[in-house]
Amino acid sequence: MVKMIMHGCNGKMGQVISAICREDEGIEIVAGIDPYQGVENPYPVFGKIEECKIKADVVVDFAAAPAVDGLLDYCTANQLPVVLCTTGLSGEQLGKVEEASKQVAVLKSANMSLGINVLMDLLKKAANILAPAGFDMEIVEKHHNQKVDAPSGTALALADAINSALGDSYGYTYDRTKEQKKREKKEIGIQSVRGGSIVGEHEVIFAGLDEVIEIRHTAYSKGIFGKGAVEAAKFLAGKPAGMYGMKDVIGAS
């Protein structure tokens, strides 16, 4: 059984992952890290990761960006693989992530959902066939009315997946009202919708002559990200140093 430390255990995602692990016989949370101590957990919780002396196979991180520096120091010092789910890291921190991956296994992904990562793999295959045949490609992403960034990081990751399959030869268009002109051939349109309590919906449209293919992923709860993180932790435990992604977890090309 994989033994895991949950970094940010008392946050929303930390508690989601704790619940998932209780039902998964392949993994056990042996310790949690969180400065907030007002939550009852079936494992010991430490205010700072430096205080944790419990042996584990992997760390899953769903904390705040400022805590990542100390986390990486701890993981490299203890030769402990880490699944990084925290977003909003600075350029300096991303550089530190790269340096850490030379000493321990690090898994970082723009989206931890297994479904989204399978979708990325499917899009690469579809783009290789449909783009040369003249199909136009558009992405429409929908999220709740509290989301600040647009387009979403996942929408950009989907566009990047398509573009990488096509030799990074396509440009991105985010707002067609800025310039009134005909659509470019080598263009991926990305449109954002914000409203209500939509957890997340991403639709990719391949529009050709007299036919349209639509591929959609809908998230109904944040649990999908927790499940992906748990599967990533089970995958990463015991892996050699290096940078990994969710494509490695699902065995994508």
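Let me check something: with ligands and nucleic acids excluded, how do Ser152, Ser192 order by accessible area (1.4 Å probe), largest to smallest?
Highest to lowest solvent-accessible surface, that is Ser192, Ser152.
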When the range 125-176 is reduced to its Cα atoms, the Kirkwood hydrodynamic radius in Å: 12.3
Using alpha carbons only: equivalent-ellipsoid semi-axes of the range 174-223, gyration tensor based, whole Å: 26, 17, 8
Per-residue SASA entry for Arg216, accessible area with 1.4 Å probe, Å² rounded to 10: 130
Computed accessible area, Tyr170, all protein chains, 1.4 angstrom probe, square angstrom: 30
Solvent-accessible area of Leu166 with every protein chain in place, 1.4 Å probe, in Å² to the nearest 10: 30
Per residue, in Å², the accessible surface of the chain once ligands and nucleic acids are set aside, probe 1.4 Å: 50
Taking N as its residue count, the alpha carbon Rg of the range 146-212 over 2.2 N^0.38 Å: 1.23
Hull shadow area, averaged, the range 1-81 [alpha-carbon convex hull, nm²]: 4.8
Fraction of beta bridges assigned by DSSP in the chain that are antiparallel (%, nearest 5): 35
At most 14 other Cβ within 10 Å, DSSP loop - GluC sites (Glu not before Pro), the range 28-89: Glu40
Estimated D of the range 73-210 in µm² per second, where Rh is the Kirkwood radius over Cα pairs and Stokes-Einstein applies at 4 °C, 1.567 mPa s: 76
Alpha carbon centroid spacing (whole Å) that separates the range 3-30 from the range 195-240: 21
Rg over Rh [alpha-carbon atoms, Kirkwood Rh] for the range 204-253: 1.18
Principal axis dimensions, the range 168-253 - Cα atoms, whole angstrom, descending: 53, 35, 28
Mean shadow area of the chain, taken as a quarter of the surface of its Cα convex hull (nm²): 15.0
With every protein chain in place, the chain: carbon and sulfur % of accessible area (1.4 Å): 53
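The values are calculated or read from the model by the stated rules, or taken from the named source; none is laboratory data. Values in this document were obtained by computation on a predicted structure and should not be read as measured data. Don't worry about glycine lacking a Cβ; one is built from the backbone with ideal geometry, like all the others, and counts go over all protein chains shown. To get the accessible areas, we keep the full protein, side chains included, count just its heavy atoms, and leave off ligands, DNA and RNA. Shrake-Rupley method; radii C 1.70, N 1.55, O 1.52, S 1.80 Å.
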